[in-house]
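Colleague: Starting off with a structure, shown below.
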Amino acid sequence: MLKKSSLVLWGAALFIAWHGLLLLFLWSRPPSPAADGARLTAEVIRLAQDAETELERQKELLRQIHRYSQLWGRRRVPITPKSSQIPPRLSPPPPPPLTDAADTVLPVLVLACDRSTVRRCLDKLLRYRPSAQRFPVIVSQDCGHAETAAVIASYGDAVAHIRQPDLSDIPVPAEHRKFQGYYKIARHYRWALGQVFRTFRYRAAIVVEDDLEIAPDFFEYFQAAFPLLLADRSLWCISAWNDNGKEQMVDVGQADLLYRTDFFPGLGWLLLAELWDELEPKWPRAFWDDWMRQPEQRRDRSCIRPEVSRTMTFGRKGVSHGQFFDQYLKFIKLNDRFVPFTQLDLSYLKKEEYERSFLPKVYGAPEVKVEELQGNRRRELGTVRLQYSGRDSFKAFAKALGLMDDLKSGVPRAGYRGIVSFVYRGRRVYLAPPSDWTGYDPSWS
């Protein structure tokens, strides 16, 4: 900008010098007849007027350059987009300092398809969000379902409605024909997250699906946990979900209790743009959530999850045909009271501090046998530990006590360092491996 201003100044100076020489030349010419003198006088006056006009034009140009240079220097605040027609960023911006966490916009990305009951999800999101500016809602619709599209459109400017452009079938192996839906879901996730992070250029995003209902403190929870995600690089997501969050298996009196977990929970989760930069180039063609749980993606990182879930699913119908819904998902307890998480100290969830307090608590608890738990014996012990020694004993204990017993790459649902915390018959139980645990065995899947 300074270089441009200097060029204009030099141009103005040369212009004035040139016309000054021209005037000097004309005035130094010998006298001529009267008619010639009149024409010469008129010409000199015209040239002087032209010189003055051009000089004023150059001055105004300089004033405009200086004015716009000041405006461009001040214009640093990103504009929140209102549609998907925004050029993609050329490269991801550097992460902001932790002090920016309170001002970062956290959009809620709702993945929708053909459920007109998305209204139940959107109604709660709009009712509970504390700020439309801080938490804009973006609904990304796949499937092209007209009734669902009409429901989304009925919210007007309260939500942004974007549509997956590719609705075609996906070529799949013959043995995966019945899994076509999982391939389309993975394709939709990739496109929708690309819109949020590449086109809209958000710093982070909360992802939910159209069959989730949220708790009153859903936004408070994510707002409070977001700085942890920025500060602790051993974390890669914040989740609102507890896989073992059935009402009889959680302590509703400790709704403020949060955990670290090595299992990717999903079902209402927050991620950073940097994680998408990492995952997008290798995003899978199908089964994206189980792919996230593989060691190559998790890379020994953890998520934060609550004692009492901040989401619940009401979508029995789906590509999984109700798998787990009737046995587990429909019994998940949704938190119903507001916890002021932003006023709490959550530093205990940082890796070093968490292990310093959580592991002694687990391995300091007296060990019991599964028969003693089932028989409701040794109540005087309070919090207890049930130790498993391998895959088969874990699955047997989990089934006996009503936990989800499946393992993904060797990681139990809601587990941290192999430890699953839950409530059984009113007391805290830790289902845990031996204290000399050395890591997960992917062959346990």
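The values are calculated or read from the model by the stated rules, or taken from the named source; none is laboratory data. On a predicted model such as this, the values are computed, not experimentally measured, just so you know. Cβ placement follows ideal geometry from the backbone for every residue including glycine, while neighbour counts extend to all protein chains displayed. The protein model used for the area step is the full one, side chains on, heavy atoms only, and it has no ligands, DNA or RNA in it. Shrake-Rupley method; radii C 1.70, N 1.55, O 1.52, S 1.80 Å.
Colleague: Residue pairs, Cβ under 6 Å, 6 or more apart or interchain, first in the stretch 403-424 and touching a residue at least 40 places away in the same chain (Cβ under 8 Å) and over 22 Å from Phe325 (Cα atoms), second open to solvent by less than 10 Å² (accessible area, probe 1.4 Å) and assigned to a strand (DSSP E or B). List them.
Modeller: Listed by first residue and then by second, the contacts come to Tyr416/Arg260; Tyr416/Thr261; Ile419/Ala432.
Colleague: Among (1) closer than 24 Å to Leu258 by Cα; (2) in contact with a helix residue (DSSP H, G or I) (Cβ under 7 Å, 6 or more places away or on another chain); (3) part of a helix (DSSP H, G or I), there is one condition Tyr430 misses while meeting the rest; what is its number?
Modeller: Tyr430 satisfies every listed condition except (3).
Colleague: Hey, another quick one. Given the criteria small (Gly, Ala, Ser) and open to solvent by 60 Å² or more (accessible area, probe 1.4 Å), does Ser443 qualify? Even if it seems obvious, please write down each step before you answer.
Modeller: Values: small (Gly, Ala, Ser): yes; open to solvent by 60 Å² or more (accessible area, probe 1.4 Å): yes.
Criteria met by Ser443.
Colleague: Tally the residues that are in contact with a strand residue (DSSP E or B) (Cβ under 6 Å, 6 or more places away or on another chain) and open to solvent by 40 Å² or more (accessible area, probe 1.4 Å), restricting the search to the stretch 146-162.
Modeller: The number of residues fulfilling the criteria is 1.
Colleague: Considering only residues of the stretch 387-404 that are of a type in the set (S, T, N, Q) and outside any helix (DSSP H, G or I), which is most open to solvent (accessible area, probe 1.4 Å)?
Modeller: In the first step, residues of the stretch 387-404 are kept if they are of a type in the set (S, T, N, Q); the result is 387, 389, 393.
From the residues that got through so far, the ones that are outside any helix (DSSP H, G or I) too are 387, 389.
Working: Gln387: 62, Ser389: 106 Å².
My answer is Ser389.
Colleague: Restrict the check to the stretch 112-119 and report whether at least one residue is assigned to a strand (DSSP E or B) and open to solvent by less than 20 Å² (accessible area, probe 1.4 Å). Spell out how you get there, then give the answer.
Modeller: To start, the set of residues in the stretch 112-119 that are assigned to a strand (DSSP E or B) comprises 112.
Among the residues that remain, those that are also open to solvent by less than 20 Å² (accessible area, probe 1.4 Å) are: 112.
Yes, the stretch 112-119 contains a residue that is assigned to a strand (DSSP E or B) and open to solvent by less than 20 Å² (accessible area, probe 1.4 Å).
Colleague: Then there is this: Can you tell which of Leu407, Leu346, Leu359 is at pLDDT 95 or above, crowded, with 18+ Cβ neighbours inside 10 Å and at negative phi?
Modeller: Values: Leu346 fails: crowded, with 18+ Cβ neighbours inside 10 Å; Leu359 fails: crowded, with 18+ Cβ neighbours inside 10 Å.
Of the residues listed, the single one that is at pLDDT 95 or above, crowded, with 18+ Cβ neighbours inside 10 Å and at negative phi is Leu407.
Colleague: For the list (1) farther than 28 Å from Lys330 by Cα; (2) in a helix (DSSP H, G or I); (3) in contact with a Phe, Trp or Tyr (Cβ under 8 Å, 6 or more places away or on another chain), I need the number of the one condition that Leu193 fails.
Modeller: (1)
Colleague: If we scan the stretch 91-104, do we find a residue that is modelled with pLDDT of 95 or more and surrounded by 15 or more Cβ atoms within 10 Å (Cβ to Cβ)?
Modeller: Here is the first cut: in the stretch 91-104, the residues modelled with pLDDT of 95 or more are 104.
Narrowing the set further to residues that are surrounded by 15 or more Cβ atoms within 10 Å (Cβ to Cβ) leaves 104.
Taking every residue of the stretch 91-104 in turn, at least one turns out to be modelled with pLDDT of 95 or more and surrounded by 15 or more Cβ atoms within 10 Å (Cβ to Cβ).
Colleague: Test of understanding: among Asp300, Asp336, Asp326, which residue is open to solvent by 40 Å² or more (accessible area, probe 1.4 Å) and modelled with pLDDT under 95?
Modeller: Just one listed residue meets the conditions, Asp326.
Colleague: I need the full set of residues from the stretch 334-370 which are of a type in the set (D, E, K, R), in contact with a helix residue (DSSP H, G or I) (Cβ under 9 Å, 6 or more places away or on another chain) and assigned by the TED database to the domain that holds Phe394, in order please.
Modeller: none
Colleague: So, one more: Looking only at helices (runs of 4 or more DSSP H) that lie completely in the stretch 287-385, which have at least 2 residues being farther than 27 Å from Ile206 by Cα? If you could, list the steps in order and put the result at the bottom.
Modeller: Working: elements: 288-292, 295-298, 351-363, 370-374.
Per the criteria, 351-363, 370-374.
Colleague: Of these, Arg190, Arg233, Arg203, Arg198, which one is surrounded by fewer than 21 Cβ atoms within 10 Å (Cβ to Cβ), more than 26 Å from Asp405 (Cβ to Cβ) and either in the same structural domain as Arg425 (by the TED database) or touching a Pro at 6+ places or on another chain (Cβ under 8 Å) (or both)?
Modeller: On the way: Arg190 fails: either in the same structural domain as Arg425 (by the TED database) or touching a Pro at 6+ places or on another chain (Cβ under 8 Å) (or both); Arg233 fails: either in the same structural domain as Arg425 (by the TED database) or touching a Pro at 6+ places or on another chain (Cβ under 8 Å) (or both); Arg203 fails: surrounded by fewer than 21 Cβ atoms within 10 Å (Cβ to Cβ).
Only one candidate passes the filter, namely Arg198.
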